[in-house]
Amino acid sequence: MRSYQTLVGAAKTFAIDAAELINSSGKRHFAISSKSSSNDMVTEVDQATENYLVERISKKFPNHSIIAEEGANHSGTSEISWVIDPIDGTTNFIYGFPSYSVSIGVRDKDRPIAGAIYNISENSLYWAGAGMGAYKGSSQIRVRTQVPVANSLIGTGFGYTAVRRVAQARFLTQLIGEVRDIRRAGAASLDLCYVAEGRLDGYYESGLWPWDYTAASVIVKEAGGTLLGPKDTEPSGELTVAASNAQLAAFLREKILPYLPFPE
Ligand code: IPD
């Protein structure tokens, strides 16, 4: 099997260095503007970190493409693309709520092959390469042992428009009675890592972007988790489901599908 050691090593270095840049930003003193709604915020730190990452990646891998949350995209000639979120959980970052990350994924033309996610608030690095296993720092991580749906702790997230959130919350009322409890921590990439390491049994969200889930998909799969999209195992903007086992993942997907698509 092909080894993705070089890409994984680079993704880890870039994530660690970007986290250091974010930590040295003076934290609460930065300009904030909004994107799709007044609740969808971006800071000058997100933008500076993205520019920094794009520069590092294109210097080391000039032929690779880059897709980045804040729009600093670059089109390369190779089949390899870097899919990055300089700060996932920007609202948490602004408030100092401890769940935000740098998320760096790499994919080839078929699938995500490497991922590094730095949990800035905990100073820990999740990483994985296809066929290499999933790790937190130097320890290998695995999903939690199988539990019945009724005993499962499930994470989720909400979009940025009122109409969408209300529809998502309405669906939640249909789910919460069938599972142990629900968590909404505010950074999708970390929620997915929490499934990979057993802090959550499952996670679902409708409305994610590739930079929210590309790096984490490798980590979930390599940790033994099940990843699903609306139709097959490819997560998409319409639906991302991750779970410690296939039964729970199927349950979550079947439960939400009749409610999709949520309004924009
Ligand atoms: C958001 C977070 C959040 C999820 C949203 C994402 P951002 O990313 O991951 O948990 O619910 O769907 O957009 O905007 O903080 O990079």
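Here are some notes:
- Scanning segment 211-235 for residues that are within 18 Å of K255 (Cα to Cα) and within 13 Å of the ligand (Cβ to nearest atom) gives a single hit, P235.
- Test: residue in segment 103-120 that is open to solvent by less than 60 Å² (accessible area, probe 1.4 Å), in a loop (DSSP other than H, G, I, E, B) and either in the same structural domain as A215 (by TED's automatic domain parsing) or more than 15 Å from T214 (Cα to Cα) (or both): yes
- Long-range neighbours under 7 Å by Cβ, at least six apart or interchain, first residue farther than 26 Å from D88 by Cα and modelled with pLDDT of 95 or more within segment 164-187, second open to solvent by less than 30 Å² (accessible area, probe 1.4 Å) and within 16 Å of the ligand (Cβ to nearest atom): V179/I154
- When R184 is tested against (1) of a type in the set (D, E, K, R); (2) open to solvent by less than 40 Å² (accessible area, probe 1.4 Å); (3) within 13 Å of the ligand (Cβ to nearest atom), only condition (2) is not met.
- For segment 201-210, the set of residues classified as within 13 Å of the ligand (Cβ to nearest atom) and in contact with a helix residue (DSSP H, G or I) (Cβ under 8 Å, 6 or more places away or on another chain) consists of Y203, Y204, E205, S206, G207, L208, listed by residue number.
- Every condition in (1) surrounded by 13 or more Cβ atoms within 10 Å (Cβ to Cβ); (2) farther than 17 Å from E122 by Cα holds for S36 except the one numbered (1).
The values are calculated or read from the model by the stated rules, or taken from the named source; none is laboratory data. As the structure is a computational prediction, the values presented were derived from the model and not from experiment. Counting neighbours? That spans all protein chains shown, and the Cβs are built from the backbone with ideal geometry, glycine included. Only protein heavy atoms, including side chains, enter the accessible area calculation; ligands, DNA and RNA are left aside. Shrake-Rupley method; radii C 1.70, N 1.55, O 1.52, S 1.80 Å.
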